[in-house]
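The numbers here are math on the coordinates, done by the rules we state, and not lab data. Computed from a predicted model, the values in this text were never measured in an experiment. Cβ: placed from backbone, ideal geometry, glycine included. Neighbour counts: every protein chain shown.
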Amino acid sequence: MAWANHRETIAVNLQNKDSTMASLPQLTDALLTLENGVAVLTLNRHDLRNALTGSHLIDDIVTTAEWVNHCQDVSVLVITGAGSAFSAGGNIRDMANRSGDFAGNPAECAERYRKGIQRIPLAMQAVEVPVIAAVNGPAIGAGFDLANMADIRIAADSAKFGETFLNLGIIPGDGGAWFMQRLIGYQRAFELTLTGRIVDAAEAKELGIVMDVVPADELMPATLKMASQPPKATRLTKRLMMMAQRTELKDFLDICACFQGMSHNEPEHLDAVNRMLEAMARK
């Protein structure tokens, strides 16, 4: 009888865990969906052009990043914007009024950055699944930096990009200088930062900022095409790609061997192999 009760307790706990893992977090200024392993986070403050400050979007992005790491149902995280903009970055009206995140003396303002917008790059850097930015419109200032924190960027032909901080007499306070030079190199990143100029989607592709440019109505279908791989192997691959940047080859190969051993013993591997064999048999 005791063992039967214990088994029932285990079953209930597992059901509760599965329910918790599949449930979506409560967000304020963003929308979150999960379908077929793809989580889509839509910044939903079109009235502010999806500005990250002066809204709850910082909390929403950080909450989603943390949730993704605990929800094994997620294979890929897509970030996009509602309305005409991806994100306008900082709220300029708050800057003009020295209010919100930009209020206070130098020490107080610095602390607001640390406890505010700088939580985004730390959370994004820790996301365990591939992150794809589907840039639907202008990505300006911190909005541009948010896109650069993703692993892959696909842009609508209406998208524009600008590292415009110096135009406002401030520096990229959210880590943008760290991300962009790793993406396109020091010289090009410095030029875009120094001039604060706006580049269109076509030039962004030439510079290597975005991987592809598609018509606006094809943005999400093109993005979702990339998001259909087996979830556990996808998470391991993301970890490998990140570790490769800071690991010696011999150590890296040892890690690859361990991860591959895990992958060969996952049901999703056999499912994928069987699908391929069936496809080959039809040819």
May I ask you to list the GluC sites (Glu not before Pro) in region 241-283 that are in a DSSP loop and have at most 14 other Cβ atoms within 10 Å of their Cβ?
-> Glu248
Taking only C-alpha pairs under 8 Å that are 6+ residues apart, what is the relative contact order of the chain in percent?
-> 15 percent
Quote the convex hull volume per residue of region 2-224, based on C-alpha atoms, as a whole number of Å³.
-> 130 Å³
Most exposed first, judged by fewest Cβ atoms within 10 angstrom, Trp178, Trp67 run Trp178, Trp67
Just name one of Cys258, Asn274, Met242: the one whose Cα is farthest towards the positive end of the charge dipole of region 231-282 (beta-carbon charges, Lys/Arg +1, Asp/Glu -1).
-> Met242
With both partners inside the chain, how many of the DSSP beta bridges are antiparallel, as a percent to the nearest 5?
-> 30 percent
Any chance you could check the Cα centroid distance between region 17-92 and region 173-191 for me, in angstrom?
-> 24 Å
Build a GNM of the chain with springs between Cα atoms under 10 Å: which of Ser228, Ser87, Ser158 gets the top mean-square fluctuation?
-> Ser228
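Which trypsin sites (Lys or Arg not before Pro) in region 176-272 sit in a loop by DSSP (not H, G, I, E or B) and have at most 12 other Cβ atoms within 10 Å of their own Cβ? Don't jump to the answer; show the numbers that get you there.
Details: sites: Arg182, Arg188, Arg197, Lys205, Lys225, Lys232, Arg235, Lys238, Arg239, Arg246, Lys250; in loops: Arg197, Lys225, Arg246.
Loop-located and lightly packed - Lys225, Arg246.
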Give the long-range amide H neighbours of Val78: residues separated by 5 or more places, or on another chain, with amide H under 5 Å away, using H modelled in the peptide plane at 1.01 Å from N.
-> Ala39, Val40, Leu41, Ile132
In square nanometres, what is the average projected area of the Cα convex hull of region 231-282?
-> 4.1 nm²
At a Förster distance of 41 Å, what's the computed FRET efficiency of Gln118 paired with Asp271, Cβ-Cβ distance as r, to 0.05?
-> 0.50
Cα lying deepest toward the dipole's positive end in the chain, options Gly54, Ala30, Phe165, charges on Cβ = Phe165
What are the ³J(HN,Hα) values, in whole Hz, obtained from phi via the Karplus relation 6.51 cos²θ - 1.76 cosθ + 1.60 with θ = phi - 60°, for each residue of region 219-228 in sequence order, with x given for Gly and Pro?
-> 4, 5, x, 5, 5, 5, 4, 8, 10, 10
Hey, what do the phi angles of region 102-119 turn into as Karplus ³J(HN,Hα) couplings, whole Hz, using 6.51/-1.76/1.60 and θ = phi - 60°, x for Gly and Pro?
-> 10, 8, x, 6, x, 5, 5, 5, 4, 5, 5, 4, 4, 8, x, 5, 6, 5
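Could you list, in their original order, any pairs among Lys160/Lys232; Lys115/Lys205; Lys225/Lys283; Lys115/Lys238 whose Cα atoms are separated by more than 25 Å?
Lys160/Lys232; Lys115/Lys205; Lys115/Lys238
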